[in-house]
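The values are calculated or read from the model by the stated rules, or taken from the named source; none is laboratory data. Everything numeric here is computed off the predicted structure, so don't read it as measured data. Don't worry about glycine lacking a Cβ; one is built from the backbone with ideal geometry, like all the others, and counts go over all protein chains shown. The accessibility values were calculated without ligands, DNA or RNA, using every heavy atom of the protein model including side chains. Shrake-Rupley method; radii C 1.70, N 1.55, O 1.52, S 1.80 Å.
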Amino acid sequence: MSAQDTTGAVLVNHWQRGVPVFREPVITRALLFFAALAALGLGLALVRFFSPLGPFSGMNDAYAWGIWKTFNVMTLTALGSGPLAVGMAAWVFNRQRLHKVMRTALVTGFLFYATGLLALGFDVGRAWNFWNILLPWRWNAHSAMLEVAVCMPLYCAIFLAFENLPLVLERFYYTGSEATRAALRRAAPFLRRIYPFVITGAYVLPLMHQSSLGGLLLLAGDKINPLWQTPFLPLLYLLAAGVAGLGFVTFVLLMACLHYSRPLDLEDLGELGNLLSWVCFVFLAVRFGDLIWRRQLGAAFALDRMSLLFLVETALILVPAVVLRSRAARETPRTLLNMATLACLGGTYYRFVPTTIAYAPGRYSTYFPALPEVLITLGYIALAVAAFGIVVKYFAVLPASIEEWNDMFRLAGRRPPAAP
Amino acid sequence: MSAPIDRRQFLRVVGFGGAATAAVASPAAALEHPAHPEAPPDAVGMLYDNTICTGCKACMPACNEANGLPPDTALSGGLWDTPLDLNEKTKNIIKLYQDPHGTGSAFVKRQCMHCLDPACVTGCPFGALEKNKWGAVTWDSSRCIGCRYCEVACPFQVPKFEWDRWNPKIVKCEFCFDQRLEKNQQPACCAVCPTGAVIFGKRADLLAKAKERIAVTPGKYFEDRVYGEHEAGGTQVLYLSHSSVPFDKIGLPKLGSTSLGHYATKVTSVIYKWLAGPLFIAALLGSVIKRKWDRHEAERHEREKRTGLPDQL
């Protein structure tokens with residue numbers, strides 16, 4: 001498929017800009033399903049707020065953290081680290097073609113962070129004491145928990161929200177009145193002036209809290225199996241965020257484009273696959289370097305339960321690292337999708353295992369999430385999925401060609417407005 | 001292709017940030033959480049000797065009374081206080097250990113160890129748990145958000161959470177701080193103990209006394225050493241155990257002598273001292289991003305004119 005753009009250049013399915021999914025209805029059966037699941041989960045979470053934690057969860061004094069913290073916050077925000085990983089690649093390491101997929105990363109990242117913070121809010125037992133966050137002299141600067149509690153909401157509410165702002169303003173610009181357009185034209189230079197400074201913050205903050213999530217586990221000391229307990233936990237947590245973040249952006253782009261019948265730009269996707277492979281290799285290098293340094297390599301290959309857990313983790317990250325070195329593989333949609341899925345699983349697996357499965361606090365305690373706990377966790381995820389399904393239809397998130405952009409306006413019976 | 005980041009400029013940023021980090025951070029880290037903290041001279045403590053304890057459990061109701069705790073009657077059908085372990089109604093417990101094969105048997109008293117550098121205090125985000133006067137580790141309800149990081153951090157599994165209350169508290173031995181220490185009284189468990197199995201005093205004195213007991217009767221005590229002198233950086237509650245009863249059998253885990261706070265913060269406290277590390281990264285990334293941004297803006301105007309389409313961020 002090829003088309004002529006306004007300059008006369010020939011384009012072959014190249015992603016050029018974000019375009020809303022406009023050929024499909026907003027409300028679908030799948031959306032209703034996820035919305036219902038989200039309503040159930042959030043309803044339960046609300047009831048939980050007015051009830052003790054005990055009846056709603058399988059947590060106990062030995063396993064004091066359940067899946068709301070260990071999965072929704074510590075694991076799923078790794079998938080939500082796309083804005084960090086893709087943004088760093090695009091702005092810092094000059095991978096210009098990745099600017100086009102940035103919006104997909106930003107929206108998924110925002111949804112994972114927002115639902116993760118929601119999970120955190122309903123997980124803590126004394127949420128009303130959060131006002132202490134306004135009194136910096138009460139902050140315990142040595143606590144990784146403080147770093148996470150301050151840094152994550154700040155990032156999500158200010159920096160990530162600001163990065164998502166152009167999406168929203170753009171829609172107002174195209175659908176609003178002439179007065180709205182004039183106001184936005186006046187505001188644009190200011191937003192563009194502060195933009196580079198804000199996105200600097202948007203990369204520094206997640207570097208801090210994604211590593212601090214691993215830092216949380218340092219204090220647990222011997223409770224965590226030595227294959228995972230290491231002074232390198234913060235760095236490895238950060239690298240796992242890179243693995244899962246890049247993997248998930250690739251996964252979402254492929255799945256969404258297949259679902260909404262959008263052509264793929266295999267060069268852009270291949271670039272993502274290329275970076276993903278390198279980040280996987282860096283992760284593995286640090287992981288194995290650390291095991292050798294701490295003399296745990298024997299335990300890693302002892303083929304007992306913990307060793308098998310470790311080997312599965314390594315395989316999940318090693319396979320995409322190796323396979324995606326081949327350009328042919330990463331420009332084959334099916335292979336890329338499979339490898340991105342493995343990387344997502346591997347990154348989140350690494351983040352989840354030391355919090356729960358390789359965490360052995362007491363001889364007589366076990367933890368398995370209770371049904372309401374699972375439903376609430378699924379509710380947060382369903383909320384993110386449903387919101388994504390709506391957002392891509394109203395806002396110019398998913399990348400497409402300029403032809404698609406022009407078609408959208410033609411279908412609405414309007415001329416695409418010119419640049420300001 | 002790339003806007004070449006001028007190497008000299010790069011080095012200037014790196015050099016400046018690095019120097020600032022080094023100047024600010026290096027001495028600070030070790031001071032806040034030393035690997036092997038020194039007990040302050042006024043640190044109080046308890047010494048528990050299970051060769052003296054008769055298991056009368058007088059300390060348990062005394063603790064409940066001093067701390068206003070309800071009896072835990074779950075196992076006794078509502079009749080009497082029969083906790084299985086430390087829990088949200090029990091800050092102090094006497095347990096019996098019997099070796100299933102050998103002859104060893106001993107009581108053990110469990111309560112907060114009041115570490116010299118407590119992991120719970122290091123982790124607590126808003127300082128609800130703090131190292132108070134005389135080294136007592138106390139809890140402040142107005143600062144606690146109920147995150148339960150203290151439970152994850154404590155190597156002795158001491159802090160407990162009220163899972164069945166809407167307004168949950170963290171329950172742990174606070175050395176009877178408000179109830180008795182502040183009134184110049186010793187903790188209720190030590191005051192009531194009829195045999196002197198648990199005694200109260202300055203940590204330094206108790207440590208000397210424990211070593212004296214070991215010296216007088218070598219071989220009587222397990223490994224001829226005091227548990228808590230060095231464990232996890234040292235604790236203010238000290239234990240002596242009968243030679244046939246290893247510490248880890250009575251719930252006192254094998255731990256290194258480095259404080260967990262030191263292990264967890266030795267790197268981050270350098271990076272985060274006065275936010276030097278994050279500011280350095282911000283300066284570094286910011287200078288690169290600003291350069292790329294300026295070029296993006298220059299190209300944008302040209303591209304918008306050419307395609308007639310507004311730039312997307």
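A few comments on the model shown:
- Residues located in region A:262-273, provided they are open to solvent by 10 Å² or more (accessible area, probe 1.4 Å) and assigned to a helix (DSSP H, G or I): A:Leu266, A:Glu267, A:Glu271
- Residue in region A:240-261 that is within 14 Å of chain B (Cβ to nearest Cβ), open to solvent by less than 10 Å² (accessible area, probe 1.4 Å) and at pLDDT 95 or above present: no
- Matching option when the condition is crowded, with 21+ Cβ neighbours inside 10 Å, touching a residue at least 12 places away in the same chain (Cβ under 8 Å) and small (Gly, Ala, Ser), among A:Ala161, A:Ala144, A:Ala188: A:Ala144
- Residue list for region A:364-396, filter: part of a helix (DSSP H, G or I) and small (Gly, Ala, Ser): A:Gly379, A:Ala382, A:Ala384, A:Ala386, A:Ala387, A:Gly389
- Every residue from region A:216-231 that is modelled with pLDDT of 95 or more and surrounded by fewer than 20 Cβ atoms within 10 Å (Cβ to Cβ): A:Pro226, A:Pro231
- If you check B:Thr90, B:Thr103, B:Thr122 for being surrounded by 20 or more Cβ atoms within 10 Å (Cβ to Cβ), over 22 Å from B:His262 (Cα atoms) and either more than 19 Å from the chain's Cα centre (by Cα) or within 12 Å of chain A (Cβ to nearest Cβ) (or both), only one passes: B:Thr90.
- Taking every residue in region A:235-263 that is closer than 12 Å to A:Gly346 by Cβ and pairing it with any residue that is among the aromatic types (Phe, Trp, Tyr), at least 6 positions away or on another chain, the pairs with Cβ-Cβ distances below 6 Å are A:Leu239/A:Phe283; A:Ala240/A:Tyr350; A:Val243/A:Phe283.
- Selection from region B:110-162 of residues that are part of a loop (DSSP other than H, G, I, E, B), at positive phi and either aromatic (Phe, Trp, Tyr) or touching a Pro at 6+ places or on another chain (Cβ under 7 Å) (or both): B:Gly146, B:Gln157
- Matching option when the condition is at the interface with chain B (Cβ under 10 Å from one of its Cβ atoms) and either part of a loop (DSSP other than H, G, I, E, B) or under 30 Å from B:His301 (Cβ atoms) (or both), among A:Leu227, A:Leu191, A:Leu235, A:Leu219: A:Leu191
- Selection from region A:325-340 of residues that are of a type in the set (A, V, I, L, M) and exposed (fewer than 15 other Cβ atoms within 10 Å of the Cβ): A:Ala328
- Figure legend. Inter-residue proximity from region B:250-267: first residues at negative phi and part of a loop (DSSP other than H, G, I, E, B), second residues of a type in the set (A, V, I, L, M, F, W, C) and surrounded by fewer than 21 Cβ atoms within 10 Å (Cβ to Cβ), beta-carbon distance below 7 Å, spacing 6+ or different chains. Indicated pairs: B:Thr258/B:Ala35; B:Ser259/B:Ala35; B:Lys266/B:Ala29.
- Within region B:50-83, considering residues that are among the hydroxyl-bearing types (Ser, Thr, Tyr) and open to solvent by 30 Å² or more (accessible area, probe 1.4 Å), the one nearest to B:Asp164 (Cα to Cα): B:Thr73
- Region B:256-276: number of residues that are within 16 Å of A:Met208 (Cβ to Cβ) and open to solvent by 40 Å² or more (accessible area, probe 1.4 Å): 8
- Residue among A:Gly43, A:Gly116 that alone is outside any loop (DSSP other than H, G, I, E, B), of a type outside the set (A, V, I, L, M) and over 26 Å from B:Ile170 (Cα atoms): A:Gly43
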